[in-house]
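First up is the structure itself, then whatever we jot down about it.
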Ligand code: S3P
């Protein structure tokens, strides 16, 4: 069983992956970390040195390599489902969970961790909310295709794991 966690930056995908992995007794992975390990460069530095187009191409390639992981919870990057055929591929190759969070909650969480996120690193605090509202509007088309959608602000990991298991039984 492979579970892909998708959602906006700051919605808690990596933390949820670790917590779910404990409940379901499966290893957890983080696509951003896999990227940094493979290409030996931090994502921020990668965007600086190359560009987003190349990042998306390599990210999609790495995502497809997760087909080699027999069992696991995989936290993806915020943009992963929105490029190439990635959301379709994840839906075909695992169970997808969208951790949905309201823009205001995302702003609160990103205020202190902007620097390592190249897409918002240079945004002033007052620019964050309108930016996130607009990009969430565009990304929702992809996020909403997930098999399961849960509320990030009050994530109940046990209830989520039950939903995943019941979907698997179908
Ligand atoms: C991105 C989100 C980041 C990382 C990259 C691009 C995005 O991952 O993949 O900076 O497009 O939303 P997190 O969602 O883990 O911050």
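Rule-based calculations on the coordinates, nothing more; no lab input. Keep in mind the model is a prediction, meaning the values are calculated, not measured. No Cβ is skipped: glycine too gets one built from the backbone with ideal geometry, and neighbour counts run over all protein chains shown.
Does the chain come out rounded, prolate or oblate, given a ≥ b ≥ c as the square roots of the eigenvalues of its C-alpha gyration tensor, rounded meaning a/c under 1.5 and, failing that, prolate meaning a/b above b/c? Here the chain falls in the oblate category.
Taking a quarter of the surface of the Cα convex hull of the stretch 72-146, what do you get in nm²? It would help to have the intermediate numbers written out before the result.
Details: hull surface 21.4 nm².
Taking the Cα atoms of the stretch 72-146, their convex hull projects to 5.4 nm² on average.
Each DSSP beta bridge with both residues in the chain is either parallel or antiparallel, and the antiparallel ones are about 0%.
As a rough footprinting exposure proxy, the listed residues 135, 144 were ranked by other beta carbons within 10 Å of their own, and the order from fewest upward is 144, 135.
May I ask for the angle, rounded to the nearest 10°, between helix 125-143 and the longest principal axis of the chain, with both axes built from Cα atoms and the value confined to 0 to 90°? Tilt of helix 125-143: around 40 degrees. Which log10 I(q)/I(0) values, to two decimals, does the stretch 14-53 give at q = 0.32 Å⁻¹ under the Debye formula with one point per Cα? Relative scattering, expressed as log10 I(q)/I(0), comes to -1.00.
So what's the angle, to the nearest 10 degrees on a 0 to 90 scale, between helix 13-24 and the longest Cα principal axis of the chain? Long axis of 13-24 versus the principal axis of the chain: about 20 degrees. For the chain, take the longest principal axis of its alpha carbons; what is the angle in degrees between that and the long axis of helix 52-65, to the nearest 10 within 0 to 90? Between the helix axis and the principal axis of the chain, the angle is about 10 degrees.
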